[in-house]
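> Quick one: this structure, given as structure tokens, is what I'll be asking you about.
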Amino acid sequence: MNEKKHFCCPIDATISLIGGKYKTKILWNLVDRTLRFNELQKIVQQATPKMLTQQLRELERDGLINRAVYAVVPPKTEYSLTDFGSSLYPILAAMCEWGKDYMADDPSAASSPR
């Protein structure tokens, strides 16, 4: 959040923060909990470790998540939402509800909800 960004509309501003391929899934899974990198990897199985790392770095850069590194062997890294990231909860919850409704109307779209 250090550099000043200019957006054409509020939707553009929101999408610029959460529009990455796996960002919403990462954010949703960090609501009310802290996860380690390998736990996130299991949740976002489609992402390569490189892509997951990139998405996490962007979320951290934008002030949506905290990254805590512990100097232990093996190294331990944990991710959690910042207060700013937590402010996205109503948006993520609305997306989840909309998705549940869509999946109920179109069974071919169904998969796991979280």
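> For segment 10-108, with only Lys/Arg (+1) and Asp/Glu (-1) charged at the beta-carbon, what is the dipole magnitude about the Cα centre, in debye rounded to 20?
Magnitude of the dipole: close to 560 debye.
> Excluding Leu35 itself, what net charge comes from residues whose Cβ is under 10 Å from its Cβ, given Lys and Arg +1 and Asp and Glu -1?
Net charge around Leu35: +1.
> Mind giving me the FRET efficiency for Cys8 and Thr34? R0 is 25 Å, r the Cβ-Cβ distance, nearest 0.05 is fine.
0.10
> On to the next question. May I have the pair-distance distribution P(r) for segment 50-113, computed from all Cα-Cα distances with 5 Å bins from 0 and rounded to whole percent?
Going from the shortest bin to the longest, the percentages are 4, 15, 15, 16, 17, 14, 11, 5, 3, 1.
> Out of [x] 6.6; [y] 7.0; [z] 8.5, which label holds the value of mean projected area of the Cα convex hull in nm² that was computed here?
[z]
> Local charge sum around Ala109 (other residues, Cβ-Cβ under 15 Å, Lys/Arg +1, Asp/Glu -1)?
With Lys, Arg at +1 and Asp, Glu at -1, the neighbours total -3.
> Which ordering of Cys96, Cys8 is given by a fewest-first count of other beta-carbon atoms within 10 Å?
Cys8, Cys96
> Calculate the spin-label point distance for Phe84 paired with Lys50, positioning each point 7 Å from the Cα along the beta-carbon direction, and give it in nanometres.
For Lys50 paired with Phe84, the spin-label model returns 2.8 nm.
Where a number appears in this text, it was derived from the coordinates with a stated rule and is not lab data. This one's a predicted model, so the numbers in the text were calculated from it and none came from an experiment. Cβ sites come from the backbone with ideal geometry, for glycine too, and all protein chains shown count toward neighbours.
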